[in-house]
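> Here it is, the structure, as structure tokens.
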Amino acid sequence: MNDYQRKKTKYILPAAVYHKTLWTIRDYHRLKDEVATMITPKSGGGESAPPSGEPGDPTFRMAVKYSEFLDTINAIDSARQNIPREYELGIWNNILYGARYPQDAERSTYGHIKSRFVYEVAINLHYV
């Protein structure tokens, strides 16, 4: 899949930031699944658990990871809310699965909105 960034738009990111943002968006469903599994209690543990060999507080590490995942999910969701409803599914499927844009609008329209969406996600994640 070729991740082309439009050059004739005001939403231009450095190449590394653009690709990092795209892959963060593509990781959306895994992050949602991870957050859902972090909430459910895990059996085991307690005094009889074998030592893990990791120093520190595992609950704190889990809370930090949970917070980072939620921040990423919220950054994507807030930028996604700014996509017009009629273009949202086409842009989402194009980024996540490499699907072609639907034929209900010009390809350039989808490209412009996608550029704005990726740019907003990068801003929300403090990549730029």
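The values are calculated or read from the model by the stated rules, or taken from the named source; none is laboratory data. Model, not experiment: these values are computed from the prediction. Here the Cβ positions follow ideal geometry from the backbone for every residue, glycine too, while neighbour counts run over all protein chains shown. Each accessible area value is taken on the protein alone, full model and side chains, heavy atoms only, with ligands, DNA and RNA left out. Shrake-Rupley method; radii C 1.70, N 1.55, O 1.52, S 1.80 Å.
> Can you sort Thr40, Thr9 by solvent-accessible area, 1.4 Å probe, largest first? Each step should come with its number before you reach the end.
Values: Thr40 75, Thr9 25 Å².
My answer, sorted largest first, is Thr40, Thr9.
> Filter the GluC sites (Glu not before Pro) in the stretch 61-106 to those in DSSP coil with at most 11 other Cβ atoms within 10 Å of their Cβ, and list the result.
Details: sites: Glu68, Glu86, Glu88, Glu106; in loops: Glu106.
Loop-located and lightly packed - Glu106.
> Using only C-alpha atoms and all pairs of different ones, pull out the Kirkwood radius for the stretch 78-128 in Å with one decimal. Numbers along the way, then the final one.
Values: mean 1/r = 0.0897 Å⁻¹.
The Cα-based Kirkwood calculation yields 11.1 Å.
> So I have (1) 37, 15, 12; (2) 21, 17, 14; (3) 31, 19, 17, and one of them is semi-axes √(5λ) of the Cα gyration tensor in Å calculated from this model. Which one is it?
Label of the calculated value: (1).
> Can you pull the one-decimal nm distance between simple spin-label points at His126 and Phe60, each 7 Å off the Cα toward Cβ?
About 1.9 nm separates the two model spin labels.
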